[in-house]
Amino acid sequence: MFGRVLLKLSGLAVANTDRQFDFARIRQLADEIKTLRKQGLSLAIVIGGGNIMRGRSIDTAEFDVTTADYMGMLATNINALALSGVMTRAGIDNTVLSPWPEKPLIQKVNRWRIRQAQKEDKVLIFGGGTGSPGHSTDTAAIMRANQFGADILLKATDVDGVYDSDPDENKEAVRFVNLSYRDVIEKKLKVMDEKAFADAAE
């Protein structure tokens, strides 16, 4: 149905319950990606850094929230490299791009490099968030999906759908079957941040 897909992964997708790298999980993810590639899917991935560092969870009494945001963005680079390394070992050609390049492993993200990776039929892994403080990796996913020309953006988390409240905290939470952008914004659902949904709608 969709030929070009952007997958938004939480940092927890590459970690265990202790927030340490779980390479068995990463290898399983790489195997799933390989299967999708064999079906002809063009794939890009935006990965978070929450297993290492969440800017929004920092005690702002300790230091400026902007510094915390930068730390979070750099954490996503580390996760991107972990995913890239396992994928390379699995025989999956990939390129890591980020607003925070770490040559030679991570190149600076721009439209030319995205197009070049697409021509070479590589999986794109985006680290570094948006490159600017004050924005989540949800917003980065919308931005990269637009640059990548994605037909659809899929967000993978540890929850099996969108609920009217947190199902881990409320056992009576109701799962939605269908939602519009307007529904998400008006109901203030937290599946992605509000700015990301507004950008997606636009």
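The values are calculated or read from the model by the stated rules, or taken from the named source; none is laboratory data. Remember, it's a predicted structure, so these values are computed and weren't measured experimentally. Because the Cβ atoms are built from the backbone with ideal geometry, glycine has one as well, and the counts that use them run over all protein chains shown. When the accessible area is computed, the model is the full protein with side chains, heavy atoms only, and any ligands, DNA or RNA have been set aside. Shrake-Rupley method; radii C 1.70, N 1.55, O 1.52, S 1.80 Å.
A count restricted to the range 106-143 and to residues that are assigned to a loop (DSSP other than H, G, I, E, B) and touching a helix residue (DSSP H, G or I) at 6+ places or on another chain (Cβ under 6 Å) stands at 5.
A search for C-beta distances below 6 Å between a residue of the range 128-142 that is without any contact (Cβ under 8 Å) to a residue 60 or more places away in the chain and open to solvent by less than 30 Å² (accessible area, probe 1.4 Å) and any residue that is part of a loop (DSSP other than H, G, I, E, B) and not aromatic (Phe, Trp, Tyr), counting only pairs 6+ apart in sequence or on different chains, returns GLY128/PRO99; GLY131/PRO99.
Annotation: of all residues in the range 3-22 being in a strand (DSSP E or B) and either open to solvent by 30 Å² or more (accessible area, probe 1.4 Å) or of a type in the set (D, E, K, R) (or both), the one that is farthest from GLY72 (Cα to Cα) is ARG4.
Scanning the range 144-160 turns up no residue that is outside any loop (DSSP other than H, G, I, E, B), hydroxyl-bearing (Ser, Thr, Tyr) and open to solvent by 30 Å² or more (accessible area, probe 1.4 Å).
Just one of the numbered conditions (1) part of a helix (DSSP H, G or I); (2) touching a Pro at 6+ places or on another chain (Cβ under 8 Å) is not true of SER84: (2).
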